[in-house]
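This report refers to the structure that appears directly beneath it.
The values are calculated or read from the model by the stated rules, or taken from the named source; none is laboratory data. Please read these numbers as outputs of a predicted model, since none were measured by experiment. Every residue, glycine among them, receives a Cβ derived from its backbone with ideal geometry; neighbour counts consider all protein chains shown.
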Amino acid sequence: MRGVVWLRRDLRLQDQPALAAACADCDEVTPLFVFDDPLLRSRQFGSSCVTFMVSCLVELADTLAQRGLSLQWRRGNQIEEVLSFVEDVKADVIYWNRDYEPASIQRDRKVQQALMARGVVVRTFKDHVVFEAEEIRGSTGDPLQRYSAYRARWWTKWHAAPPPLLPSPAGLQKQRTGTSSPGITLPTVEDLGYQTIPLSIKPGEKEALRRLRWFLDGPIHHYVEGRNLPAIDGTSKLSPQFRFGTLSVRTAVHAALGTLATGSPVSRRDVLTWIDELIWREFFQQILSAFPHVASGPFKSKDGLPRPRPAGAEWNRLYAAWCEGQTGYPLVDAGMRQLNQTGWMHNRVRMVVASFLIKDLRIEWQSGERYFMQQLIDADLAANNGNWQWASATGTDSMPGYRIFNPLLQSRKFDPEGVYIRQYVPELAAVPTDRIHAPQLMTLNEQALAGCRIGKDYPLPIVDHRQAREEYLALGKQLVTR
């Protein structure tokens, strides 16, 4: 029997359900990846994300070849290319792991209907999450809209039947070569219309497993505190690996819980707090699949929330300053520059810069969401959308829209020595620690000694946080009292 494995967000061999099933069922297996030209042309993602994806594919092609499997690729409209490829290799069955983004669900439905009409068997598998939306429901059978309730049921289901891990397929010695157009050499990032950039996080399954082991051997022991300190390497930085499936979330959860069984002095609170972050990821995935309207708008009504600033010259000025890391607030600027330079941003800082854009600058959250998707190496619709809606209070979170982060207090609390700030805002490198969080308070003499003239080498704050906060709250109060 001839089978095709359609690879998408599952670029690995270990614990890979579709690939494992194909190798078990079929005499001939051909892995296929389709570069989605319409999506690439949309510029929804940036060069860091595309560079990471291509690098993962290069490694995957090599590891597949070592097992007698030849990775094939096509480029164009995904539906058309998959149907054409299956016909070219005369496949009897096609395998893929399910995706939960609304556009992907519609795409997969069309492919499945077309293939079944042609007599091709379609087998799909759960992979991108531990539990799919349909597996975790409330008492009424409806999707859960509160994280706390979702988390409780997630753990109940896990303890009842922890999902097993699948080994890497041993491979088959006699594999059909398959067809690819043109050749079997993967396209470069430039071929796809993007620019290859240095990656701050190494791609691929081998690196994902290495990073997981490193994290579980060290930083997870102090995760509750360390995850909030952007100056240290205190988080797993596995988000891009989960995004492209070079590591399965099941593997990560099993490995994390395994540290509690080794007898070593590992804090249960730290381990469970990290797993909570993985559950948040699944919560946002099930929200996206159960409520697809969130992909293009708020989860809930915006009534009662202050209206965003109208478009115009002032909007353009403030938004550009935020994007470029030129707001005059060092922690905000460090975060935005880290994003622009590396394609990644520390999660604590993500919350601060999101709050600043929405609450201080009164710019709609959708603009921040789009910018992040275009810059992030771990650009994931569900997680990015869910977190931006959390920041704007339009999502599932019950907190009113008045959770406003003070960038000065956040800076002093989580980067007290200014190490993170100095790394990404080098013009502030010589500023004394007692001024690093509010450099505009330096005297002219202090500015001269630090080699940083405020207003020239580094900007004055583009808004006054206290005033912006009061205006935001006042606007919200007016809406409530009408």
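Given the condition surrounded by fewer than 19 Cβ atoms within 10 Å (Cβ to Cβ), among the aromatic types (Phe, Trp, Tyr) and modelled with pLDDT under 95, answer yes or no: does some residue in the stretch 311-322 qualify? The answer is no; no qualifying residue exists.
Is it the case, given these coordinates, that Val86 is part of a strand (DSSP E or B) and under 30 Å from Pro164 (Cβ atoms)? Answer is no for this residue. Being under 17 Å from Ser168 (Cβ atoms), touching a Pro at 6+ places or on another chain (Cβ under 9 Å) and assigned to a strand (DSSP E or B), is that true of even one residue in the stretch 23-43? Yes, there is a match, as at least one residue in the stretch 23-43 is under 17 Å from Ser168 (Cβ atoms), touching a Pro at 6+ places or on another chain (Cβ under 9 Å) and assigned to a strand (DSSP E or B). Among the candidates Gly193, Gly178, which residue alone is outside any helix (DSSP H, G or I), modelled with pLDDT of 95 or more and over 20 Å from Phe283 (Cβ atoms)? On inspection, the qualifying residue turns out to be Gly193.
Only residues that are of a type in the set (Gly, Ala, Ser) and over 14 Å from Gly3 (Cα atoms): list them for the stretch 85-138, please. Once the filter is applied, which keeps residues that are of a type in the set (Gly, Ala, Ser) and over 14 Å from Gly3 (Cα atoms), the stretch 85-138 yields Ala103, Ser104, Ala114, Ala117, Ala133, Gly138. Identification of helices (runs of 4 or more DSSP H) wholly contained in the stretch 219-267 with 1 or more residues that are in contact with a Leu (Cβ under 7 Å, 6 or more places away or on another chain) and of a type in the set (A, V, I, L, M, F, W, C) yields 239-244, 249-259. Tallying residues that are in contact (Cβ under 8 Å) with a residue 40 or more places away in the chain and either assigned by TED's automatic domain parsing to the domain that holds Ala133 or more than 30 Å from Phe52 (Cβ to Cβ) (or both) within the stretch 379-399 yields 2. Within the stretch 196-210, the set of residues being surrounded by fewer than 18 Cβ atoms within 10 Å (Cβ to Cβ), of a type outside the set (A, V, I, L, M) and not in a helix (DSSP H, G or I) comprises Thr196, Pro198, Ser200, Lys202.
One residue stands out among those in the stretch 323-340 that are assigned to a helix (DSSP H, G or I) and touching a residue at least 60 places away in the same chain (Cβ under 8 Å): the one that is surrounded by the most Cβ atoms within 10 Å (Cβ to Cβ), which is Leu331. From the list Ser289, Ser248, Ser296, the one residue that fits, being within 19 Å of the chain's Cα centre (by Cα), closer than 30 Å to Ile136 by Cα and without any contact (Cβ under 8 Å) to a residue 12 or more places away in the chain, is Ser296. Of all the listed residues (Leu473, Leu441, Leu428), the sole one being farther than 23 Å from Asn228 by Cα, in the same structural domain as Leu339 (by TED's automatic domain parsing) and in contact (Cβ under 8 Å) with a residue 40 or more places away in the chain is Leu473. All of Trp73, Trp6 fail the test of being farther than 23 Å from Leu381 by Cα and not basic (Lys, Arg), apart from Trp73. With respect to the stated conditions, Ala91 fails to be surrounded by 18 or more Cβ atoms within 10 Å (Cβ to Cβ), more than 20 Å from Ser168 (Cβ to Cβ) and assigned by TED's automatic domain parsing to the domain that holds Thr156. Inspection of the stretch 301-308 finds no residue satisfying the criterion of being among the small types (Gly, Ala, Ser) and buried (at least 16 other Cβ atoms within 10 Å of the Cβ). The set of residues in the stretch 271-319 being touching a Ser or Thr at 6+ places or on another chain (Cβ under 9 Å), small (Gly, Ala, Ser) and over 23 Å from Tyr402 (Cβ atoms) is empty. Just one of (1) in a helix (DSSP H, G or I); (2) touching a His at 6+ places or on another chain (Cβ under 8 Å) fails for Arg213. It is (2).
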